[in-house]
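In what follows, a single structure is set out as structure tokens and then discussed.
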Amino acid sequence: MPKGRTTVYINAHVHTFDAEARVAQAFAVSGEEIIAVGPERYVRNMAGDFPEVVDLEGAHVTPGLVDAHVHLIDYGLTLQRMADLSGCRSVAELQERLRGHMRRLEETGSPLEWVLGHGFDHELLETRAFPTRQDLDEVSRERPVVIRRLCGHAAVGNTRALELCRRPLPEESRRTGLVTEDDVGLLMEGVPPATVEEIDRAILQSGDLAASLGITGVHCLIVDVRQIDRLFALHGRGILPIRFYVMFSYSLLEEMVERGFHTGSGDPWVTIGAAKIFADGALGARTAALWEDYADDPGNRGMMLIEQAELTDMIKHAQSHGFQTATHAIGDRAVDVTVSAIEAACAHQNNRLRHRIEHASQMTQKALVKMAHYTIPAAVQPQFIITDFWTRDRVGERRYRWSYPFKTMLRAGVPLAMSSDCYVERLDPYELIYRAWVRDEHSRDEALTPFETMRAYTLGSAFAGHQENDRGSIEEGKLADLVVYPENPFELSREDILQLRPEFTIVGGRRHRPTLPLL
């Protein structure tokens, strides 16, 4: 029955993504809930008296997209605080962007002394080598300068930034300025934390952008508990643009327990989710843990940041307090170790908390079988296939068969959840769909259709967050989170899918239009 003012949307192609994959003509929304889906006459009858009627004029409607692994608040802060170094082809170009960013900081009167940059890929530079501290000294010798590689697992600091480190860095890092993994955080310890005003603006601005692209919910990674507080505060004011499923650093687990939280705490707008654990590094920095040597770096197999026994204990501990875990595992060794740890931690509970793996970039058949058996969701990032164009060189032709094997995972029954990993990649769902579909010439057998990708982007992501009962498909009783497109997204060419954009997005029954200017 209607729960207040009702809106009926007619003359549409409603791709429900339900079990029968129905395409309906109309749907009705009351409050935040879908109350009817089906033929127009049925929907009008269910809507009660005097509903608002919106003629969609043949538009296509899908469930709202849910990005299952995204640093959305940090992305908003990055827009405010960091130079965009993506696509730089030379050290000179990188330096000029940093100088331009430094000038903007001075012109706006920003109190931030640090000059920060994010998104460079040393593989794109003419030297195919990391910039050095000497290169950054040319930008400024007085101000600390730090740039992060697009993966976030490597960074370079200038001499001043190295001098400000509160703990000693390895000798090689002091010489070159290059740090990886945990030392990235050490290098940036001195950066002043974001203000409450900066966090609020980051949430609203990045959430607004997400909604304008058809993303109605995110599984958002955070390392600062203040971001959770600000999410609840903005929700209390009724101004969140999209829904947040919070994935917090495992280091915050005890504080989350003290606050009385568990996975599922909160409400449909701000939900406490998983504790994030790191098992290994990244392929880009050659720190992802592999069973065999890197093909382009003999003798190097990456690094496990944690071994199986400790990882098992961590998962058990989180589980004992009612928390799901989300473990970053990129290399095939790290994925195998993580799967075994989940198996050991919940062998008698059948993974009821849906402990999940983030990335699962390089797989083994053994891991594939166990992930399907224990229903271990994998949050994957199709954009990496093209951005990390060097992956085949890293792992070699034979092992590349098991790099980003999405179709094989889907056929085996591994629950797939789609994600951008923004700010590492662009917050662009249609580029994501394109790359899952087109891939590269060496891995076309693993391509997903747009329908398969979007289903993993909706129902798959909802499942990974224990939310498939109230989102992910267009069905009566579910949340009114939907996207309206001017054309059929499943009948577009590969080139046209890149240009696809929503006419509008519906989040919690409200039609969304961007309200904040983008930086």
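Quick notes
One line per residue, one yes/no per condition, for (1) modelled with pLDDT under 95; (2) surrounded by fewer than 22 Cβ atoms within 10 Å (Cβ to Cβ):
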| residue | (1), (2) |
| --- | --- |
| Ala345 | no, no |
| His348 | yes, yes |
| His355 | no, no |
| Ala360 | no, no |
| Met363 | no, no |
| Lys366 | no, yes |
| Met371 | no, no |
| Ala379 | no, no |
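- Flag for Tyr250 being more than 30 Å from Thr505 (Cβ to Cβ) and either open to solvent by 30 Å² or more (accessible area, probe 1.4 Å) or in contact (Cβ under 8 Å) with a residue 60 or more places away in the chain (or both): yes
- Remark: Val29 falls outside the filter, which requires a residue to be outside any loop (DSSP other than H, G, I, E, B), of a type outside the set (Asp, Glu), in contact with a His (Cβ under 9 Å, 6 or more places away or on another chain) and open to solvent by less than 10 Å² (accessible area, probe 1.4 Å).
- Selection within the range 425-465 - more than 14 Å from Thr387 (Cα to Cα), within 15 Å of the chain's Cα centre (by Cα) and not in a helix (DSSP H, G or I): Gly465
- Across the range 37-44, a minimum of one residue is classified as more than 16 Å from the chain's Cα centre (by Cα), β-branched (Val, Ile, Thr) and part of a helix (DSSP H, G or I).
- One residue stands out among those in the range 135-171 that are outside any loop (DSSP other than H, G, I, E, B) and open to solvent by 70 Å² or more (accessible area, probe 1.4 Å): the one that is farthest from Arg81 (Cα to Cα), which is Glu171.
- Whichever residue in the range 261-306 is on the phi > 0 side of the Ramachandran plot and in contact with a Lys or Arg (Cβ under 8 Å, 6 or more places away or on another chain) and, among such residues, is surrounded by the most Cβ atoms within 10 Å (Cβ to Cβ): Gly302
- The single condition among (1) open to solvent by 30 Å² or more (accessible area, probe 1.4 Å); (2) assigned to a loop (DSSP other than H, G, I, E, B); (3) closer than 30 Å to Thr127 by Cα that Gly48 does not meet is (3).
- Where a residue in the range 74-88 is closer than 12 Å to Ile147 by Cα and part of a loop (DSSP other than H, G, I, E, B) and its partner, wherever it lies, is of a type outside the set (A, V, I, L, M, F, W, C) and open to solvent by 50 Å² or more (accessible area, probe 1.4 Å), with Cβ under 7 Å and at least six apart: Leu85/Arg97
- Scanning the range 172-193 for residues that are touching a Phe, Trp or Tyr at 6+ places or on another chain (Cβ under 7 Å) and part of a strand (DSSP E or B) yields a count of 1.
- Subset of the range 179-237 [β-branched (Val, Ile, Thr) and either touching a helix residue (DSSP H, G or I) at 6+ places or on another chain (Cβ under 7 Å) or closer than 22 Å to Cys151 by Cα (or both)]: Val179, Thr180, Val184, Val191, Val196, Ile199, Ile203, Ile215, Val218, Ile222, Val223, Val225
The values are calculated or read from the model by the stated rules, or taken from the named source; none is laboratory data. Model, not experiment: these values are computed from the prediction. Note that each Cβ is placed from the backbone with ideal geometry, even for glycine, and that neighbours are counted across all protein chains shown. Protein only, heavy atoms only, side chains kept; ligands, DNA and RNA dropped before computing areas. Shrake-Rupley method; radii C 1.70, N 1.55, O 1.52, S 1.80 Å.
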